[in-house]
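Notes to accompany the following structure.
What follows draws every value from the coordinates through simple rules; no lab data is involved. Everything numeric in this text was worked out from a predicted model, so none of it was measured. Heads up, the Cβs are rebuilt from the backbone with ideal geometry, glycines too, and the neighbour counts pull from every protein chain shown.
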Amino acid sequence: MAATTVPALKLNNGVEMPALGLGVFQTPPDETRDAVRAALDAGYRHIDTAAAYGNEREVGDAVRASGLDRSDVFLETKIWISDFGYDETLHGFEKSADKLGVEQIDLLILHQGLPSAFDRTLEAYRALETLLADGKVRAIGVSNFMVEHLERLLDRASVVPAVNQIEQHPYFSQADVQAFGEQHGILAQAWSPIGGITFYRDSGHTSALQDRVIDRIAEAHGKSPAQVMLRWGLEHGRSVIPKSTKAQRIAENFDVFDFELSADEMTAIDGLDTGRRGGPEPGAITLETFGMAIPEA
Ligand code: NDP
């Protein structure tokens, strides 16, 4: 039985989403069931996967095996760019829903914009709007959209995205993108919320998990650096989706609802921003470089 209840964030259409979820990017399929099960046991009620992660099936298996009601677990997944286009994205939903083994997905988002083929991105988003109108998904959103991409989308969309999932951790916090979203009712959802990016890292890039400022604050609260970073993200009003495959860390990352950071501590962590992203440049995503096919269910 879970000891803690995760607080909810209200999306712009009234749907409630647990503020903290488990991310499963780079979680191998054969470790996904155990990771999701450990998260559900620890009290998580939100899992963030993606068609491109290759583990939607195992996420669905773990949720069913937990014995929890389907309605108790918030399932979020993402349409990959190779499935962009109106009909393609409708089919992308079918593939993800079938692999997850669900009728309805709680939050379906576009994994990236395709700035070089933005009309295709807009057609994909129009398909999300149809899925929302048809009750196939409870909320829709985007990921890795910068302000200019949000502006272009808002210009044409009928439904304001509920969420923009972006890289946000103490070394790269994208306050401008979050602020623009807030003005329009778009919730920021932090990926790599403990700075755990393991790709695109150059040799000079150190991990926020070893940062001295964060470490000092963690010691003062009797918490770990990961817990401090998650708390910092939550106190900035973001949804956070830390990933781990280890039951102990999964539980640790959930144990962040019994302390608060002071204004000075928040400011000190804000001051760590390097302005350098760890992940790929959203404007440079093309089908040619990132267009892998998503298998049928
Ligand atoms: P995170 O910031 O969640 O860090 C994960 C890394 O930190 C892993 O190496 C993990 O290792 C390690 N770790 C986890 N907990 C702890 C802890 N308490 N102490 C020390 N180390 C820890 O990075 P991710 O890049 O995984 O991002 C989280 C989620 O965000 C993804 O899983 C995915 O759902 C989403 N995401 C979305 C992207 C997008 O483009 N929309 C891009 C990247 C991520 P271990 O597993 O061994 O514990």
Notebook entry, point to check: How big is the chain on each of its three principal axes, counting only the C-alpha atoms and giving the largest first in Å?
Noted result: 53, 43, 37
Notebook entry, point to check: Among 227-235, 184-192, what's the highest-first ranking by average C-beta atoms within 10 angstrom per residue?
Noted result: 227-235, 184-192
Check: Quick one: of the DSSP bridges fully inside segment 1-109, what percent are antiparallel, nearest 5?
Finding: 25 percent
Checklist line | Dipole magnitude of the chain, debye to nearest 20 (Cβ charges: Lys/Arg +1, Asp/Glu -1, about Cα centre) | finding: 260 debye
Margin query: Just to check, using Stokes-Einstein with a Kirkwood Rh over alpha carbon pairs, what's the diffusion coefficient of segment 52-166 at 25 °C and 0.890 mPa s in µm²/s?
Written below: 173 µm²/s
Notebook entry, point to check: Dipole of segment 19-274 (Lys/Arg Cβ +1, Asp/Glu Cβ -1, origin at the Cα centre): which of Ile250, Val159, Gly196 lies farthest to the positive side?
Noted result: Ile250
Next item on the list: Choose one of Phe172, Trp80, Leu150: the residue whose Cα lies farthest towards the positive end of the charge dipole of segment 19-274 (beta-carbon charges +1 Lys, Arg; -1 Asp, Glu; about the Cα centre).
Entry: Trp80
Notebook entry, point to check: P(r) of segment 1-76 in 10 Å steps, Cα pairs, percent per bin?
Noted result: 20, 53, 25, 2
Margin query: Suppose a student asked you for the relative contact order of the chain, using Cα pairs under 8 Å spaced at least 6 residues apart; what percent would you report?
Written below: 21 percent
Check: Ranked highest first by average number of other Cβ atoms within 10 Å, how do 103-111, 70-78 line up?
Finding: 103-111, 70-78
Item checked: Counting DSSP beta bridges with both ends in segment 19-274, the antiparallel % (nearest 5) -> 5 percent
Margin query: How would Thr267, Thr286 line up from fewest to most surrounding beta-carbon atoms within 10 angstrom?
Written below: Thr267, Thr286
Next item on the list: Any lysines with Cα under 29 Å of the Lys223 Cα? List them, leaving off those in the same chain fewer than 8 positions away.
Entry: Lys10, Lys243, Lys246
Check: How big is segment 42-101 in terms of Cα radius of gyration and Dmax, in angstroms?
Finding: 12.2, 39
Check: Which value in Å is the Kirkwood Rh of segment 169-276 over different Cα pairs?
Finding: 14.3 Å
Margin query: How large is the translational diffusion coefficient of segment 223-268 in µm² per second when you combine the Kirkwood radius over alpha carbon pairs with Stokes-Einstein at 25 °C and 0.890 mPa s?
Written below: 222 µm²/s
Checklist line | Rule-of-thumb Rg ratio for segment 108-218 [Cα; 2.2 N^0.38 Å; N residues] | finding: 1.23
Check: Among Ala179, Ala19, Ala226, whose mean-square fluctuation peaks in a Gaussian network model of the chain (Cα, cutoff 10 Å)?
Finding: Ala179
